[in-house]
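Notes to accompany the following structure.
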């Protein structure tokens, strides 16, 4: 027994202190970036920088031998970058859907390669995500005004095929006039419905991430600090591609499921024990009016009790 204890690697206190200092430095650097961005974004600072720039420009005109201050130039450059970033963020928030035209380089492309692109912005937990793109073309010679989804980068959980069939139906067989009367397309409704589904999907992902954070589930590749108690949740994650099912696992072997609707509201919550459904714990941890955040807080209190 003594040999096994001696064979265990000893953690050097100096290594612990170095790791702690590295974390503090990273946190302070992030805080410094946030503070600098906040200061540069303020209106008084913008006025001071503009006034200094105008004064410097007038002094350069009067004296050609005057050397420009490198610190002032760096500050002006950083201020211009921050202003451009703020303008971009404001545009992405106010204009979540952007339409643009592109040209398909394929010489055999339909409609001479003309493609209409739609860009969808998505935000989750205060950060902009990679935009989603939908490319539309016009492959119907008898009905040149009808669009069809050509390519897209939307996640598989989004029913883009069903939305396209509902709002962008293909023309029916017959003359062009009859086809236009029978199948009327609504690109505006298609874009709004698709963006709604994208935001619902990311809302469900965010709710699951908040639940994991509340119950204290360790991330992948990160070992737990101590042996979890029997009431602690040791696993919480998405169980389906649509992010509607959340699976739970306790340290004592019990498991649970949370079923959400499209908007992230809880439809059903069940807990399974060694002998089947655990009705007592289900009633203890959930209420018909509870949301995912309410269940997460109850799980946290249950683990601490």
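Here the condition is being surrounded by 18 or more Cβ atoms within 10 Å (Cβ to Cβ), modelled with pLDDT of 90 or more, in contact with a helix residue (DSSP H, G or I) (Cβ under 6 Å, 6 or more places away or on another chain) and not in a loop (DSSP other than H, G, I, E, B); of 243, 296, it holds for 296 alone. Do we find a residue being touching a residue at least 40 places away in the same chain (Cβ under 8 Å) and loosely packed, with under 15 Cβ neighbours inside 10 Å anywhere in the stretch 267-286? No, that holds for no residue.
Residue-wise test of (1) assigned by TED's automatic domain parsing to the domain that holds residue 147; (2) outside any helix (DSSP H, G or I); (3) modelled with pLDDT under 90.
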| position | (1), (2), (3) |
| --- | --- |
| 209 | no, no, no |
| 220 | no, yes, yes |
| 230 | no, yes, yes |
| 236 | no, yes, no |
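Selection of the stretch 131-150 for residues being surrounded by fewer than 17 Cβ atoms within 10 Å (Cβ to Cβ) and modelled with pLDDT under 90 yields 141, 142, 144, 145.
The values are calculated or read from the model by the stated rules, or taken from the named source; none is laboratory data. Being a predicted model, the structure only gives us computed values, none of them experimental. All Cβ positions, glycine included, derive from the backbone under ideal geometry; neighbour counts span all protein chains shown.
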